[in-house]
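Readers should treat all values here as calculations from the given coordinates under stated rules, not as data from a laboratory. Since this is a predicted model, take the numbers as computed values, not measurements. Virtual Cβ from ideal backbone geometry, glycine too; neighbours counted across all protein chains shown.
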Amino acid sequence: MKRTGEIALGVIGIILSALMLVFGIFIISLRGNDKFQQSLQQINTDNALSASDIDKMNHFITSGGWVLTIASIVGLVLGLIAVFCIKGNNKPKTAGVLFIAGGVLIGVISTGVGLVPAVLYLIAGIMSLIRKPKIDAAM
């Protein structure tokens, strides 16, 4: 039985997880960026925020970058393992469980930012678990 649909959904989920990883690393890199720090200061034109508030906002943004990075790494690893398990219809049950675990973890860890890869992994996992091989009628 061909598992083209599951493989395609898994590869698209892997690509989106990789893009999420790049975005997370970009957000983390803003922590030490002087231009980003200056733009945060410029937002505060009416001095409504103190320096500690701006620092907290900067910390919050960087923490979000770490969350995205961790969620995307989990998604990449589980997605890659699942695609290799399902390729050639070797271990579809294992791949289905890995896809579902990856989808749930991406959705929960990224608090909804990684919703699209999570849904793709969930669909691929359900398809992997539900589809049964065709039984020969010649028996």
Check: in the chain the Lys pairs 8 or more apart or on separate chains whose Cα atoms fall under 12 Å apart number 4
log10 I(q)/I(0) for region 69-122, Debye formula on C-alpha points only (no solvent), q = 0.20, 0.27 Å⁻¹, two decimals, reads -0.58, -0.92
In region 57-139, the trypsin sites (Lys or Arg not before Pro) that sit in a DSSP loop and have at most 10 other Cβ atoms within 10 Å of their own Cβ are Lys134
Computed curve, the chain, Cα-only Debye sum without solvent term, log₁₀ I(q)/I(0) at 0.10, 0.13, 0.17 Å⁻¹, is -0.44, -0.62, -0.83
The answer for the chain, counting only DSSP H helices whose Cα atoms cover 20 angstrom or more along the axis and whose Kyte-Doolittle average is 1.0 or greater, is 4-29, 51-86, 92-109, 115-130
For 21-30, 111-120, 96-105, ranked highest to lowest by mean beta-carbon neighbours within 10 Å, the order is 96-105, 111-120, 21-30
Most exposed first, judged by fewest Cβ atoms within 10 angstrom, Ser52, Ser72, Ser63 run Ser52, Ser63, Ser72
Summing -39500 (n - 2.57) over every DSSP H run of at least 4 residues in the chain and dividing by its residue count gives a helix-only mean residue ellipticity at 222 nm, to the nearest 500 deg cm²/dmol, of -26500 deg cm²/dmol
With the dipole of the chain defined by +1 on each Lys or Arg Cβ and -1 on each Asp or Glu Cβ, the option from Gly114, Leu21, Ile130 whose Cα lies farthest towards the positive pole is Ile130
Taking Met20, Met57 and counting other beta carbon atoms within 10 angstrom, the fewest-first order is Met57, Met20
Neighbours of Lys93 by Cβ distance under 15 Å: Lys/Arg at +1, Asp/Glu at -1, summed charge +4
